[in-house]
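To keep things clear, I will list the structure first and then write my remarks on it.
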Amino acid sequence: MSDASTILKAGTPAPDFSLPVTPDQRVSLSEFRGRPVILAFYPADWSPVCGDQLALYNEILSEFHKHHAELLGISVDSAWCHGAYAAQRKLHFPLLSDFEPKGEVARRYGAYREREGTAARALFVIDGEGIIRWSYLSPTGVNPGADGILEALESLDAGAHAGSPGGAA
Amino acid sequence: MTTIQQGTLRPPVGAEDHVLGPEDAPVTLVEYGDFQCPHCRRAHGVLPKVLERLGPRVRFVFRHFPLAESHPNAVHAAEAAESVAAQAGEDAFWRMHDLMYDHQRDSDDSLDDEHLVRYAERAGADAATVALDLAGDTYEPVIKASFMTGVRSGVNGTPTFFINGARFEGDWTRVESFAAALEEVPT
């Protein structure tokens, strides 16, 4: 994967952000300080591969919660679109709207695809202190599954800390 | 943190698995499937032809990966298959597997408990025992365990296939391409 070097790597402080989660509510990364956060950037609501990916994460939320981790989905879709999508797919985790300025948060994580104008399919596991502990950029069209996320969360639990090599690519 | 190789089958195929084909086959094809998933049903139409083409060079393994949030009957369907296998053996498991895919689209309720018990009886199991197993969720832990092996192996939707332990990212929807992928695998 030649472009894997573009996304923020393990050991980097996660850039804070505040994004709409519903048309009248915002969520900040810093609100989750003290427990792990999984950021799942994905290209778009409604596209079939993302649907599978988010549906899978939806099924295994309880596994993420065992590690006290919060899962946040992020795409450039609007909060209205996210609302309809989450309701239709019965998603039980928040979808954040990186809509205005478009893709700004994705850019800060190195996870924006200029040509397509969408977020890449990129995963970040952030520890309770706000440091990225694992990141992974999936090839376009390939749904990354959840094995990497769970291993990263287990490593956090085991107390693996700064300086350790991270990343799967 | 160790480097993570995503999409590797864990654990490898073992005594707990439902296996079709010779144990010493050079190619092992594993499917993580959901009996209520329309894509798995589609794969079910392709697989017999692919397996026939490969003959004794391939063995096929089915592991449960029911997406309960998307498919409300999928977990009980998987439990019914395990109940049938426990009572009536592996041949009956495969008959049950085929019956559920063959009837998946008959109607909206074609995989409800009532229908599952009927298929189980046709597959060779005792209807009352299967009904009790479903009511008590006897095999729920087995299904959950299978599901988690899928999650840890990098299953990313259904169906997900592994060829000799590596997640298959190619096209399984056509006999030609799927069989070619299996024939080309280094053994």
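Values quoted throughout were computed directly from the atomic coordinates according to the rules given, and no laboratory measurement underlies them. Quantities reported herein were computed from a predicted structural model and do not represent experimental measurements. Here Cβ is always computed from backbone atoms with ideal geometry, including for glycine, and neighbour counts include all displayed protein chains.
Observations, loosely collected:
- Distances between placed amide hydrogens fall under 5 Å for A:Ile131 paired with A:Ala14, all partners being 5 or more residues away or on another chain.
- Convex hull per residue volume in Å³, alpha carbons only, for the range B:60-173: 109 Å³
- Straight-distance candidates among the aspartates and glutamates for linking to A:Lys66, with alpha-carbon spacing under 12 Å and chain neighbours fewer than 8 residues away dropped: A:Glu154, A:Asp157.
- Longest DSSP-loop-exposure-free segment, GluC sites (Glu not before Pro), chain A, at most 14 other Cβ within 10 Å: A:1-113
- Distance in nm between pseudo-label sites at B:Lys49 and B:Glu184 (7 Å out along the Cβ direction from Cα): 1.9 nm
- Computed from point charges on the beta carbon alone (+1 for Lys and Arg, -1 for Asp and Glu), the dipole magnitude for the range B:54-185 about its Cα centre is near 580 Debye.
- Gyration tensor (alpha-carbon) shape descriptor, the range B:146-187, a/c threshold 1.5: oblate
- With respect to chain A, whose longest principal axis is taken over its alpha-carbon atoms, helix A:147-157 is tilted by about 50°.
- The C-alpha atoms of chain A define a longest principal axis, and helix A:48-59 lies at about 60 degrees to it.
- Estimated translational D of the range B:1-147 in µm²/s (Stokes, Kirkwood radius over Cα pairs; 25 °C; 0.890 mPa s): 155 µm²/s
- Top positive-direction residue, dipole computed over the protein assembly as shown with Cβ charges, set B:Val175, A:Ala111, B:Ser107: A:Ala111
- Calculated P(r) tail over 26 Å for the protein assembly as shown, as whole % of Cα pairs: 53 percent
- Of all DSSP-defined beta bridges confined to the protein assembly as shown, some 65% are antiparallel rather than parallel.
- Neighbour-limited loop hits for trypsin sites (Lys or Arg not before Pro), the range B:111-187 (at most 14 other Cβ within 10 Å; DSSP other than H, G, I, E, B): B:Arg174
- Net charge dipole size for the protein assembly as shown [Lys, Arg +1 and Asp, Glu -1 on Cβ; Debye, nearest 20]: 1120 debye
- Helical segments meeting 18 Å axial Cα length and Kyte-Doolittle 0.0 threshold in chain B (DSSP H): B:74-88, B:140-153
- In sequence order, calculated HN-Hα J values of the range A:115-130 (Karplus, 6.51, -1.76, 1.60; Hz; x Gly/Pro): 5, 7, x, 9, 6, 7, 8, 10, 10, 9, 10, 10, 7, x, 9, x
- Shape category assigned to chain A from the gyration tensor of Cα positions, a/c cut at 1.5: rounded
- Cα gyration tensor, the range B:90-134 - rounded (a/c under 1.5), prolate or oblate: oblate
- Listed residue pairs exceeding 30 Å between alpha carbons, taken from A:Lys90/B:Lys144; A:Lys90/B:Lys49; A:Lys9/B:Lys144: A:Lys90/B:Lys49; A:Lys9/B:Lys144
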